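A short worksheet on the structure shown next.
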Amino acid sequence: MDDSYRNLCIFHILDGLRFGLSHYSQPSRTALIYAVSADDPLRVYDPQNLLRGHEPVLKSKFLESDEWRTTAQAIPYIPLYEQARTRCLDLSGLICHASRSRSVFCQTWFTEHHPSMCSTGPTERWMEHGAWLMSQCMSTENVPILETAGNVLQNFALHAIRNYIVDQRSAEIGMDTRLRVYPILDAVLGISKTPEEGVWPRGRLAFVEPSQMDKVRFLARFPEQERPRLEHFKHVRKLLQAAEQTGRSLVSDGQAIVGIAIGRMPGSRIVAEFSGSYGFLRLGAETVCSFTDGAFDSSNRQANLVHFEEFLLETGMDFTERNSLFKIVSAIVHHSQEGRHGSTLVLDFRSTPEALAGQHLEVPLDLEQPHLLSLAQALSKVDGALHIGGDRKLHGFACLLDGLSVGGEDRARGARYNSALRFTSGRDDTVVIVVSSDRPVSIIQNGVEISATCMLPPKYACVDTPPLLKDWLQA
């Protein structure tokens, strides 16, 4: 096998994996450390520097130790079209998959572990399939199938979720199951896209093994010949109205709706929770993924306020004060997201909060009081910003923000975002959090969005042979 074919194979597999994961999660980078044969030195393909910062661990595991090679060699016979998993590296902030096959002695894949992920399980199965395709492409040396392999990985979300659910249920209850996951996933997406009188679905739909139906506490059960078929999305959507915010659930055997039940469902159940325009897919007590706009997503739909939390650590506030303020801000931000209305929060850490143009209050509201926090959540719907001090009190609402133009303005982001950029420029003791009506959250300080994602340009070709790992580590 010549190097040009190997390089092309690595590029198509890695690029398809990166593209697919970036749509399922946030923009994601991918990287690969590999050795094609047992005698080959390790090489690394990391076009967007995902592994930078992990050099000490990589050096210790791969260069200063030969355990990775002896472990792979110790694996017994591997069938031609299969792969054997090997030990993964535990690198902070990364998800890893490592395996060995007949055609590739060692391949270790990496991608980003986003904080907002419901579960890493589907992503791990996605990477596992990428490694399997890599092995097949390396063994066949067939150039036309390379692009097809990349395209498969770009659209693998449904299959990755299905593979994860099947693996987890098989480990829990064995292979003897009558639930077929593909029709269930198709039904969940179909129902999620079906409004009833202009209203998006709400309620719980539980999929239970037929052999465990006797453990379900039914309130109403339908005759076997009259059960609505699962693929009749409109009919199921109408029935789902009986389970809207009531504690009741529709129960299905994977083929039809068996009845309406209450209480806890048996183990290994699959549950779809519909919450209007979005929802969550759960396996037992674990949240597997979310779904919205007719597609599955890895997001837990919670605002990522890590950057604000890091800012609080630098303010000198004690732990109790920081924790209280963080909970207050999180509650208001999550309320805005769930209500799908935009809002702006000005966090003012001056000893005496600045007087802002807007609606003032005779007595600032103590947001540590639950009923006053609820009032602040309601006031966040009013045009303008909430003005919150470091004392955890609301000093005003409907505040107007303005300032001189700054270089980072983005006309595509709207007035809230750009006003926050201008307002915070030159104000070291102020942070502004902007919640857009379509859910994105921006954290802005000193005229810069500190929560912005730095998008690295993808590499569209792998012409040169990837460097040796030892050379890459020394670079």
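Just so it is clear, none of the values below were taken in a lab; they were calculated from the coordinates. Just so you know, these numbers come straight off a predicted model, no measurement behind them. Neighbour counts run over all protein chains shown; Cβ positions are idealised from the backbone, glycine included.
Under 21 Å between alpha carbons, and skipping anything fewer than 8 positions from Lys327 in its own chain: which lysines qualify? The reachable lysines, counting only those whose Cα sits under 21 Å from Lys327, are Lys381, Lys393.
Note on Lys61: lysines with a C-alpha under 22 Å away, same-chain residues under 8 apart excluded, are Lys470. Of interest is the spacing of the C-alpha centroids, which for region 123-160 and region 181-226 amounts to 33 Å. Beta bridges from DSSP with both residues in region 306-449: antiparallel share about 80 percent, rounded to the nearest 5. Think of it as helices only: each DSSP H run of n ≥ 4 in the chain is worth -39500 (n - 2.57), and spread over all residues that comes to -10000 deg cm²/dmol at 222 nm.
Over region 1-51, the reciprocal of the mean inverse Cα-Cα separation, the Kirkwood hydrodynamic radius, stands at 12.0 Å.
If you average the C-alpha positions of region 1-46 and of region 393-425 separately, how far apart do those two centres end up, in angstrom? With region 1-46 and region 393-425 each reduced to a Cα centre, they are spaced 42 Å.
In terms of packing, defined here as the mean over residues of other Cβ atoms within 10 angstrom, the peptides 95-107, 320-332, 267-279 line up highest first as 95-107, 267-279, 320-332. Of all DSSP beta bridges confined to the chain, the antiparallel ones make up roughly 90%. According to the Cα-based calculation, Rg over Rh for the chain is 1.03, with Rh computed by the Kirkwood formula. Each peptide in 219-225, 351-357 was scored by the mean count of other Cβ atoms within 10 Å over its residues; highest first, the order is 351-357, 219-225.
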